[in-house]
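Since the structure comes first, as structure tokens, the remarks are kept for the end.
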Amino acid sequence: MKKFTLPIRFGIATSGCLIAYFLVLSLFNLHVNGFYSLFNSIITGFGIYEAIKFTKVLKGKTFDYRQGFAAGITTGFLATLIFTLFFAFYATEINIDFLPALSKVWFKEYHTGEGLLFFTVAIMGFATTVVLTLTFMQLFKSSNNLK
């Protein structure tokens with residue numbers, strides 16, 4: 001468990017930033033516009049980058065690809081899970097007018113259930129995590145090229 005404490009901390013911090021960003025958008029009623037969710041990938045990316053970077057600093061010369069990949073995936077997946085749970089709680093308990101307003105903007109032709117929306121939020125977060133972790137590991141991996 002000790003080897004995952006750093007990514008767990010970064011995952012919790014990243015989810016806190018995602019939740020804070022969502023709540024700031026909701027103050028201005030911009031949270032129904034899906035375009036603003038693109039900034040979520042920047043927040044998640046920063047958390048993943050920092051988790052991998054700090055893991056590399058802590059491990060030093062023993063840092064390998066597997067450790068960095070595990071740190072990035074753990075950070076992103078935890079942040080996604082916490083944010084998705086908050087999103088579901090917000091949409092069903094705090095602001096019950098949020099889902100109809102979101103549906104009016106994005107789903108004019110057909111009705112989608114709440115579960116599908118929550119599943120989509122989770123899948124988007126997981127996909128972003130995998131892509132960003134693989135991308136950032138290209139920066140942190142050691143080169144096997146001859147010098």
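The values are calculated or read from the model by the stated rules, or taken from the named source; none is laboratory data. The shown structure was predicted, so the numbers you read here are calculated from the model rather than taken from an experiment. Neighbour counts run over all protein chains shown; Cβ positions are idealised from the backbone, glycine included.
Would you confirm, using the coordinates I've provided, whether G72 is buried (at least 16 other Cβ atoms within 10 Å of the Cβ), under 9 Å from the mean Cα position of the chain (by Cα), touching a residue at least 24 places away in the same chain (Cβ under 8 Å) and assigned to a helix (DSSP H, G or I)? It is false that G72 is buried (at least 16 other Cβ atoms within 10 Å of the Cβ), under 9 Å from the mean Cα position of the chain (by Cα), touching a residue at least 24 places away in the same chain (Cβ under 8 Å) and assigned to a helix (DSSP H, G or I).
Scoring A13 on the criteria (1) in contact with a Lys or Arg (Cβ under 6 Å, 6 or more places away or on another chain); (2) surrounded by 14 or more Cβ atoms within 10 Å (Cβ to Cβ) leaves a single failure, condition (1).
Among the residues making up the range 22-33, those that are out of contact with any helix residue (DSSP H, G or I) (no Cβ under 6 Å at 6 or more places or on another chain) and in a helix (DSSP H, G or I) are F22, L23, V24, S26, L27. The C-beta contact set for the range 129-147 (first residue aliphatic (A, V, I, L, M) and surrounded by 15 or more Cβ atoms within 10 Å (Cβ to Cβ), second residue assigned to a helix (DSSP H, G or I) and at pLDDT below 75, distance under 6 angstrom, 6+ apart or interchain) is empty.
So which of I42, I94 ends up being at pLDDT below 90 and over 14 Å from F10 (Cβ atoms)? Don't jump to the end; show me each part of the working.
Numbers: I42 fails: at pLDDT below 90.
Result of the check over I42, I94: I94.
Every residue, every condition in (1) part of a helix (DSSP H, G or I); (2) at pLDDT 90 or above; (3) small (G, A, S), yes or no:
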position: V105; (1), (2), (3): yes, no, no
position: H111; (1), (2), (3): no, no, no
position: G115; (1), (2), (3): yes, no, yes
position: F118; (1), (2), (3): yes, no, no
position: T128; (1), (2), (3): yes, yes, no
position: V131; (1), (2), (3): yes, yes, no
position: F136; (1), (2), (3): yes, yes, no
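For the range 51-69, a residue qualifies if it is aromatic (F, W, Y) and loosely packed, with under 14 Cβ neighbours inside 10 Å, and exactly one does: Y65. Criterion applied to L81, L27 was being under 30 Å from P100 (Cβ atoms) and surrounded by fewer than 15 Cβ atoms within 10 Å (Cβ to Cβ), and the one residue passing it is L27.
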